[in-house]
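**Student:** Supplied in structure tokens, the structure appears directly below.
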Amino acid sequence: MQEVENIVNGKDLFKKPEYQNVLKEKKQFEGAMGAVDPAKVEEIAEWTKTWEYREKNLAREAITVNPAKACQPLGAVMVALGFENTMPYVHGSHGCVAYFRSYFTRHFKEPTPCVSDSMTEDAAVFGGLVNMKDGLKNCAALYKPDMIAVSTTCMAEVIGDDLYAFIDGAKQEDGGEFLPEDYPIPYAHTPSFVGSHITGYDNMMHGMMSQLTEGVEVEPNEKINIIPGFETYIGSIRSVKSIVESFGAEYIMLGDHSDQWDLPAGEYKMFAGGTKIEDAKNCRSSKATLSLQKYSTTKTMKMVTKRWKQESANLNPIGLKGTDEFIMKLSELTGKEVPASLRTERGRLVDAMQDSYPYMHGKKFAIWGDPDFLIGVVSFLLEMGAEPTHVLCHNAPRGWEDEMRALLDTSPAKDDLHVWAGKDLWHMRSLLFTEPVDFMIGNSYGKELMRDTDVPLIYIGFPIFDRHHLHRYSIAGYDGALNLLTWITNKVLDQLDEDTKGIATTDYFFDLIR
Amino acid sequence: MGPESLEAKQKEAIEEVLKAYPAKAAKNRAKHLGVGAPEDESQKTCGNVRSNKKTVPGVMSQRGCAYAGSKGVVWGPVKDMVHISHGPIGCGQYSRAGRRNYYIGTTGVDTFVTMNFSSDFQEKDIVFGGDKKLDVCFHEIDELFPLNNGITVQSECPIGLIGDDINATSKMYAKKTGHTIVPVNCEGFRGVSQSLGHHIANDTIRDYVFDGNVDTLGEKVEPGEYDVAIIGDYNIGGDAWSSRILLEEMGLRVVAQWSGDATLKEMAQTTKVKLNLLHCYRSMNYISRHMEKEYGIPWVEYNFFGPTQTIKSLRKIAAFFDEKVQAKCEEVIAKYQPMIDAVVAKYRPRLEGKQVMLFVGGLRPRHVIGAYEDLGMEVIGTGYEFAHDDDYKRTKDEIMRSTVIYDDVNEYELEAFVKKLQPDLVASGIKEKYVFQKMGLPYRQMHSWDYSGPYHGYDGFAIFAQDMDLAINSPVWGHSTAPWDKEGEA
């Protein structure tokens, strides 16, 4: 029973003897093997750690277990929230939108506005035109966004709804009451059964940039367009902006959700910050477009390069070299020397790397995440002399595996470093048991791996549901690299203390100074 | 504020909200909003609201889908089975381990609740069909997870649209192997909310668990005269455990939990119990009615939120049994009373008169009212994501004062109601949490217990009281206004 002076929640409540008894007694009614024959559970659990199990596991062709990817519309919603006063609108079932909103909200600890047009069975049969007509009108009337960005769920894609015609039809029928003729409603088809959330990001960004610039005259200027990609570290967007600003360069950050998912307390405003729609409409006039996530913007950058014939580059300002390259590109585009402030910042980062390297050097890491994130963070690990033993990318696009392999081949330990494209986190579990590492770097889905394998998890990635505020930090630029260095080094040191704290056994190595 | 002025304010709030909509939507939404009065017998449903209808397109509804109702609510917590999210990758990923359905087991070996199994549909599966892939999934699961006691197939939207026959594929595999395979046609576009998913999932339990005569591990449980099953408790944060202990203390034998911390075997043996205890009426009344009709098992609704309702419910349950149980029931009530008195004495003075607005699903919009009132708090607004008429009828008995009732409320409306009625606490889900916290309003998630709980039973009430106090009386809400902006107030 609870003691009123010390009320405990489930963490400790169920440790009380009366509840331990409840749980023990419940087993007599259960049919799980743990209740019937615990030895059998032990036996199978051990078997899952073997090479034999690993081979069977890696041979899986159909079932995905514990994925490390999500579906297209999630990325489309992120794009929309990076534009000023823009409502993401998903043509399909509201169940999907409830999921997108929950998913982002659990990560950012911030509201995530997004509507759907609530298609149900009749719409699945007759198409969702009526839903689109009512939905756009209601959305515009209630939330008064300056732009509505439409993407689709797999339901709408399977039945083949035509977004262009539907949006046009909705405007015609509304007759300008809520949806004036020039009301911007960019759209993208984002089928969940193709690619992953980064594909949806690409499709929606492509839709935004191609449709908003339509009919807008191109008047070349010196601005630089920057596309952050599916960036879940809002601090990274700010780092990038600060670097560009230190060159005094004019720029358009296309899809800047850094304020949207970082609202101050005091009052609630549905929308904050974001790319100005006017800027987005004129982004074709810019001098160049830089993508900071090549694999999240393949289609978009192809348009920029091939159709717009704009100067373009793919950069990845994570780690020292990635940031150097980004800065040199800016220097080249602006014709300006690298400012003194950045030189100092770089010097400080390198100094910090030289302070901490003994703790990362030679340490084995397993890491998973989105393709561009992995290129960046793995580069940084290599710059520190660490060994990324298992690099796993569930949503690896074409070309990524080769690029990662080439990157790993720059390491003296290259023969022990493995790339796992298209694999999931249950595969990773087998890899960790058979070819162990010292640390893992990944998202919250790694916590079950941490429990099962005892490998410490360093929380870097998306989504992170069970650690707070990490997304507010930067992992880009020199300051971002310093954050990576701090998080990783200190986790190594935490673990060193953990391993040596045995009183009168190992605590001679429990050093005060490290 | 007197009751008249509260009611007037509530009616005004509804009128104001409706003005924002285009005509067609306003007409629709008007039917879903009302003011409930406890003494008003003329109301057919609480506030006379209409429910279980299609959501108005283009608004930020909080509703989920049929897949969420089946995989997320009913089937997902059954711990010794593997639940495949059948279709594209997203649904399973977004719903993974979000509901806090606690269980005991070795995850990945004999239990699987927090894992995500997906058939990860690609374009070719949409074009050529996914039945073959599903069959390979079954084989791979049985090979890699040999201690699973069955597999369910949770259909995502495309399955029902591309003409796949998961029923035939499942049947064929089950016949070949003798394993329990349950195909569930809970595609997200079916129905208007998660509610139809509950119903569909209930029906598949009937068809595949009861009528399927599933093979279960371990010794058979001999039926006893005090056997009961907990139905519609998903063991969120351990709710079913803090309920179970009370039932056992009064001499009942809980042979099954549906479906938090459940095993297939428990569900199968429920057809032999003497009484079904139904907590979440909305999601599991279907199977309870079926068991009544088919196996003659009576069912009784109960409410384990807050001492007043808990005591009422314990006595109601005991009344189905002999004097021995009834006497023990009184002993249980007496045993916990001093603790509860102390909890109320500690927290009521800190919470007295504080007003609450709720928006949740299932049973909570009415069931938790009593728990708040036990702490001296007043619920002035409530509503359900996916309720039906019978829920709103039941709500009439629970409200204590004029209460604004909003069915399938969307974010625009809820925000407007909160701004107008100025409650001291908003209690709803994750999607709205930070909206209200930004405004400086204390907030508790009432789906996940905000990562605390359990809230059921006596021990749960103590946690509930502590959490509400924590939310309302935290110093953080006082920091929103900067000192330089406070001068005018002084």
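The values are calculated or read from the model by the stated rules, or taken from the named source; none is laboratory data. Because the structure is a prediction, the values reported are computed rather than measured. All Cβ positions, even for glycine, are placed from backbone atoms using ideal geometry, and neighbour counts span all protein chains on display. These area figures cover heavy atoms from the full protein model, side chains too; ligands, DNA and RNA do not enter into them. Shrake-Rupley method; radii C 1.70, N 1.55, O 1.52, S 1.80 Å.
**Student:** Identify all residues within region B:24-66 that are over 21 Å from B:Val360 (Cβ atoms) and either within 10 Å of chain A (Cβ to nearest Cβ) or touching a His at 6+ places or on another chain (Cβ under 7 Å) (or both); write none if there are none.
**Tutor:** Those that are over 21 Å from B:Val360 (Cβ atoms) and either within 10 Å of chain A (Cβ to nearest Cβ) or touching a His at 6+ places or on another chain (Cβ under 7 Å) (or both): B:Lys24, B:Ala25, B:Ala26, B:Asn28, B:Pro57, B:Gly58.
**Student:** Can you pull out every residue in region A:131-161 that is crowded, with 16+ Cβ neighbours inside 10 Å, without any contact (Cβ under 8 Å) to a residue 40 or more places away in the chain and more than 8 Å from every other protein chain (Cβ to nearest Cβ)?
**Tutor:** A:Glu157, the sole residue that qualifies.
**Student:** Let me ask something else about it. Examine region B:309-316 for a residue that is of a type outside the set (Phe, Trp, Tyr), touching a Pro at 6+ places or on another chain (Cβ under 8 Å) and at negative phi, and state whether such a residue exists.
**Tutor:** No: region B:309-316 contains no residue that is of a type outside the set (Phe, Trp, Tyr), touching a Pro at 6+ places or on another chain (Cβ under 8 Å) and at negative phi.
**Student:** Being farther than 9 Å from B:Val356 by Cα and either within 16 Å of the chain's Cα centre (by Cα) or open to solvent by 10 Å² or more (accessible area, probe 1.4 Å) (or both) is the filter here, so list the residues in region B:371-381 that pass it.
**Tutor:** Taking region B:371-381 first, the residues farther than 9 Å from B:Val356 by Cα are B:371, B:373-376.
Result: B:Glu373, B:Asp374.
**Student:** Continuing with this model, one more query. Being open to solvent by 20 Å² or more (accessible area, probe 1.4 Å), farther than 28 Å from B:Ala25 by Cα and hydrophobic (A, V, I, L, M, F, W, C) is the filter here; which residues of region B:401-455 pass it?
**Tutor:** The one that is open to solvent by 20 Å² or more (accessible area, probe 1.4 Å), farther than 28 Å from B:Ala25 by Cα and hydrophobic (A, V, I, L, M, F, W, C): B:Leu441.
**Student:** Can you tell me which of B:Val356, B:Val332 is open to solvent by less than 50 Å² (accessible area, probe 1.4 Å), within 14 Å of chain A (Cβ to nearest Cβ) and in contact with a helix residue (DSSP H, G or I) (Cβ under 7 Å, 6 or more places away or on another chain)?
**Tutor:** Values: B:Val356 fails: within 14 Å of chain A (Cβ to nearest Cβ).
Step by step, each of B:Val356, B:Val332 is checked, and only B:Val332 is open to solvent by less than 50 Å² (accessible area, probe 1.4 Å), within 14 Å of chain A (Cβ to nearest Cβ) and in contact with a helix residue (DSSP H, G or I) (Cβ under 7 Å, 6 or more places away or on another chain).
**Student:** On to the next question. Sort out which residues of region A:276-306 are touching a residue at least 60 places away in the same chain (Cβ under 8 Å) and of a type in the set (D, E, K, R), and write them in order of number.
**Tutor:** Once the filter is applied, which keeps residues that are touching a residue at least 60 places away in the same chain (Cβ under 8 Å) and of a type in the set (D, E, K, R), region A:276-306 yields A:Lys276, A:Lys281, A:Arg284, A:Lys287, A:Lys294, A:Lys299.
**Student:** Tally up the residues in region A:85-107 that are small (Gly, Ala, Ser) and more than 7 Å from chain B (Cβ to nearest Cβ), please.
**Tutor:** Keep residues of region A:85-107 that are small (Gly, Ala, Ser), which gives A:92-93, A:95, A:98, A:102.
When the remaining residues are screened for being more than 7 Å from chain B (Cβ to nearest Cβ), the result is A:92.
The qualifying residues number 1.
**Student:** In region A:245-261, is there at least one residue being of a type outside the set (Phe, Trp, Tyr), closer than 30 Å to A:Ser331 by Cβ, part of a loop (DSSP other than H, G, I, E, B) and within 14 Å of another protein chain (Cβ to nearest Cβ)?
**Tutor:** For region A:245-261, residues of a type outside the set (Phe, Trp, Tyr), closer than 30 Å to A:Ser331 by Cβ, part of a loop (DSSP other than H, G, I, E, B) and within 14 Å of another protein chain (Cβ to nearest Cβ): present.
**Student:** Additional query: Before we move on, is B:Ser70 within 20 Å of B:His388 (Cα to Cα) and crowded, with 24+ Cβ neighbours inside 10 Å? Lay out the reasoning, then the answer.
**Tutor:** Working: within 20 Å of B:His388 (Cα to Cα): yes; crowded, with 24+ Cβ neighbours inside 10 Å: yes.
The answer is yes for B:Ser70.
**Student:** Scan the strands (runs of 3 or more DSSP E) fully inside region A:306-415 and keep the ones with 2 or more residues being within 20 Å of the chain's Cα centre (by Cα) and of a type in the set (Phe, Trp, Tyr). Give the steps one after another, and end with the answer.
**Tutor:** On the way: elements: A:311-314, A:364-368, A:387-393.
Correct list: A:364-368.
**Student:** Within region A:411-452, can you find the residues that are of a type in the set (S, T, N, Q), under 23 Å from A:Gln495 (Cα atoms) and surrounded by fewer than 21 Cβ atoms within 10 Å (Cβ to Cβ)?
**Tutor:** Quick first cut of region A:411-452, residues of a type in the set (S, T, N, Q) only: A:411, A:430, A:434, A:443-444.
Still in the list and also under 23 Å from A:Gln495 (Cα atoms): A:430, A:434, A:443-444.
Those that are of a type in the set (S, T, N, Q), under 23 Å from A:Gln495 (Cα atoms) and surrounded by fewer than 21 Cβ atoms within 10 Å (Cβ to Cβ): A:Thr434, A:Ser444.
**Student:** Please state which one of B:Tyr103, B:Tyr94, B:Tyr173 is open to solvent by 20 Å² or more (accessible area, probe 1.4 Å) and not charged (D, E, K, R).
**Tutor:** B:Tyr103
**Student:** Within region B:69-78, can one find any residue that is among the polar types (S, T, N, Q), touching a Phe, Trp or Tyr at 6+ places or on another chain (Cβ under 8 Å) and more than 7 Å from chain A (Cβ to nearest Cβ)? If you could, list the steps in order and put the result at the bottom.
**Tutor:** Within region B:69-78, the first condition is being among the polar types (S, T, N, Q), and the residues that meet it are B:70.
Cutting the leftovers down to touching a Phe, Trp or Tyr at 6+ places or on another chain (Cβ under 8 Å) gives us none.
No, that holds for no residue.
Listed here are the residues, each with its yes/no results for (1) open to solvent by 40 Å² or more (accessible area, probe 1.4 Å); (2) within 19 Å of A:Met440 (Cβ to Cβ); (3) touching a residue at least 60 places away in the same chain (Cβ under 8 Å); (4) among the aliphatic types (A, V, I, L, M).
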| site | (1), (2), (3), (4) |
| --- | --- |
| A:Phe465 | yes, yes, yes, no |
| A:His471 | no, yes, yes, no |
| A:Ser474 | no, no, yes, no |
| A:Leu485 | no, yes, yes, yes |
| A:Thr500 | no, no, no, no |
| A:Ile503 | yes, no, no, yes |
| A:Thr506 | yes, no, no, no |
| A:Phe509 | yes, no, no, no |
| A:Leu512 | yes, no, no, yes |
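**Student:** Among the residues of region A:34-75, write down those that are closer than 23 Å to B:Val153 by Cα, open to solvent by less than 30 Å² (accessible area, probe 1.4 Å) and of a type in the set (A, V, I, L, M).
**Tutor:** Matches in region A:34-75: A:Ala62, A:Ile63, A:Val65, A:Ala68, A:Ala70.
**Student:** May I ask you to list the residues in region B:172-212 that are in contact with a helix residue (DSSP H, G or I) (Cβ under 8 Å, 6 or more places away or on another chain), more than 29 Å from B:Gln62 (Cα to Cα) and away from chain A (no Cβ under 14 Å)?
**Tutor:** Of everything in region B:172-212, those that are in contact with a helix residue (DSSP H, G or I) (Cβ under 8 Å, 6 or more places away or on another chain), more than 29 Å from B:Gln62 (Cα to Cα) and away from chain A (no Cβ under 14 Å) turn out to be B:Met172, B:Thr177, B:Arg206, B:Phe210.
**Student:** In addition: Would you check if there is a residue in region B:118-140 being modelled with pLDDT under 95 and either more than 7 Å from chain A (Cβ to nearest Cβ) or open to solvent by 10 Å² or more (accessible area, probe 1.4 Å) (or both)?
**Tutor:** no
Yes/no matrix, rows are residues, columns are (1) more than 9 Å from chain B (Cβ to nearest Cβ); (2) touching a helix residue (DSSP H, G or I) at 6+ places or on another chain (Cβ under 8 Å); (3) closer than 19 Å to A:Ser196 by Cβ:
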site	(1), (2), (3)
A:Trp51	yes, yes, no
A:Lys69	no, yes, yes
A:Phe83	yes, yes, no
A:Lys109	no, yes, no
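**Student:** Is it true that A:Pro180 is outside any helix (DSSP H, G or I), touching a Ser or Thr at 6+ places or on another chain (Cβ under 7 Å) and more than 30 Å from B:Ser85 (Cα to Cα)? Break it down stepwise before answering.
**Tutor:** Numbers: outside any helix (DSSP H, G or I): yes; touching a Ser or Thr at 6+ places or on another chain (Cβ under 7 Å): no; more than 30 Å from B:Ser85 (Cα to Cα): yes.
Taking the combined requirement at face value, the residue does not satisfy it.
To keep it simple, each residue is scored yes or no on (1) more than 9 Å from every other protein chain (Cβ to nearest Cβ); (2) closer than 27 Å to B:Gly90 by Cα; (3) in contact (Cβ under 8 Å) with a residue 60 or more places away in the chain; (4) more than 30 Å from the chain's Cα centre (by Cα).
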{"residue": "A:Asn6", "(1), (2), (3), (4)": "yes, no, no, yes"}
{"residue": "A:Leu13", "(1), (2), (3), (4)": "no, no, no, yes"}
{"residue": "A:Leu23", "(1), (2), (3), (4)": "no, no, no, yes"}
{"residue": "A:Glu30", "(1), (2), (3), (4)": "no, no, no, yes"}
{"residue": "A:Glu43", "(1), (2), (3), (4)": "yes, no, no, yes"}
{"residue": "A:Asn57", "(1), (2), (3), (4)": "no, yes, yes, no"}
{"residue": "A:Thr64", "(1), (2), (3), (4)": "no, yes, yes, no"}
{"residue": "A:Gln72", "(1), (2), (3), (4)": "no, yes, yes, no"}
{"residue": "A:Val77", "(1), (2), (3), (4)": "yes, yes, yes, no"}
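**Student:** Scan region B:149-170 and tell me whether some residue there is out of contact with any Asp or Glu (no Cβ under 6 Å at 6 or more places or on another chain), within 11 Å of another protein chain (Cβ to nearest Cβ), open to solvent by less than 20 Å² (accessible area, probe 1.4 Å) and among the polar types (S, T, N, Q).
**Tutor:** Within region B:149-170, not a single residue is out of contact with any Asp or Glu (no Cβ under 6 Å at 6 or more places or on another chain), within 11 Å of another protein chain (Cβ to nearest Cβ), open to solvent by less than 20 Å² (accessible area, probe 1.4 Å) and among the polar types (S, T, N, Q).
**Student:** Also, I was wondering about something else. Among the listed residues B:Phe112, B:Phe145, identify the single one that is surrounded by 19 or more Cβ atoms within 10 Å (Cβ to Cβ) and more than 24 Å from B:Gly69 (Cβ to Cβ).
**Tutor:** B:Phe145
**Student:** Sticking with this one: Residues to consider are A:Ser236, A:Ser242; find the one that is within 22 Å of the chain's Cα centre (by Cα), outside any loop (DSSP other than H, G, I, E, B), closer than 16 Å to A:Ser296 by Cβ and of a type in the set (Ser, Thr, Tyr). Write out each step before concluding.
**Tutor:** Numbers: A:Ser242 fails: closer than 16 Å to A:Ser296 by Cβ.
Going through A:Ser236, A:Ser242 in turn, the sole match is A:Ser236.
**Student:** Are any residues in region A:312-337 among the hydrophobic types (A, V, I, L, M, F, W, C) and open to solvent by 40 Å² or more (accessible area, probe 1.4 Å), and if so, which ones? Steps first, answer last, please.
**Tutor:** Quick first cut of region A:312-337, residues among the hydrophobic types (A, V, I, L, M, F, W, C) only: A:313, A:315, A:318, A:320, A:326-328, A:330, A:333.
Listed by number, the list holds a single entry, A:Met328.
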